[in-house]
Amino acid sequence: AKSDLDNLDDAQNCALKAIKMSKRNNEKHIEAPSHIWYGKILNKANPSHFKRAEDSIVIGIKMSEEIGLKPFYSIGSFFLGELQAETNQSQKALRSLKSAEKMFQEMGMDYWNKKTQEVLVCL
């Protein structure tokens, strides 16, 4: 529906603004998850841009890992695995999702662990 696309455009613009502002203010704890969510939104809005989406998620994962934001690192790994599964990169998806699953279990993130299981079943 058109309204869904409009909301994705708004979400995409907000995520880009968050990246820009957090980068300008050197707030990596905001920038990292903003990159992750931007990649997720970009892929949902326009699957043909999966490489840009993947790159953004990977940037967010690396930043999250560097500054010790394990919850965001694990969510980024889940989104990356989800994107890889959608683009027929099954082996990469399996690695990303298994990594996310392990972290979710360690942190007791049951909601995200359940979402990971749902994607793993489809591989």
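Laid out as a table, the results:
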{"read-out": "So HIS35, is it within 24 Å of LEU16 (Cα to Cα) and free of Cβ contacts under 8 Å to residues at least 24 places away in the same chain", "value": "no"}
{"read-out": "Of residues in the stretch 27-44 being over 12 Å from MET63 (Cβ atoms) and open to solvent by 90 Å² or more (accessible area, probe 1.4 Å), the one modelled with the lowest pLDDT", "value": "LYS44"}
{"read-out": "Contacts under 9 angstrom Cβ, first residue in the stretch 88-116 being among the β-branched types (Val, Ile, Thr), partner part of a helix (DSSP H, G or I) and surrounded by fewer than 16 Cβ atoms within 10 Å (Cβ to Cβ), 6 or more apart", "value": "THR116/LYS98"}
{"read-out": "Total residues in the stretch 65-123, condition among the basic types (Lys, Arg) and modelled with pLDDT under 95", "value": "0"}
{"read-out": "The stretch 75-123 - residue that is in contact with a helix residue (DSSP H, G or I) (Cβ under 9 Å, 6 or more places away or on another chain) and among the β-branched types (Val, Ile, Thr) and, of those, least open to solvent (accessible area, probe 1.4 Å)", "value": "THR116"}
{"read-out": "Residue check, ARG24 free of Cβ contacts under 8 Å to residues at least 24 places away in the same chain, under 28 Å from ARG95 (Cβ atoms), out of contact with any Lys or Arg (no Cβ under 8 Å at 6 or more places or on another chain) and open to solvent by 80 Å² or more (accessible area, probe 1.4 Å)", "value": "no"}
{"read-out": "Within the stretch 21-116, helices (runs of 4 or more DSSP H) holding 1 or more residues that are over 13 Å from the mean Cα position of the chain (by Cα) and hydroxyl-bearing (Ser, Thr, Tyr)", "value": "90-107"}
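The values are calculated or read from the model by the stated rules, or taken from the named source; none is laboratory data. Computed from a predicted model, the values in this text were never measured in an experiment. Glycine also receives a Cβ, built like all others from the backbone with ideal geometry; neighbour counts cover every protein chain displayed. Heads up: the accessible areas ignore ligands, DNA and RNA and are worked out on the full protein's heavy atoms, side chains in. Shrake-Rupley method; radii C 1.70, N 1.55, O 1.52, S 1.80 Å.
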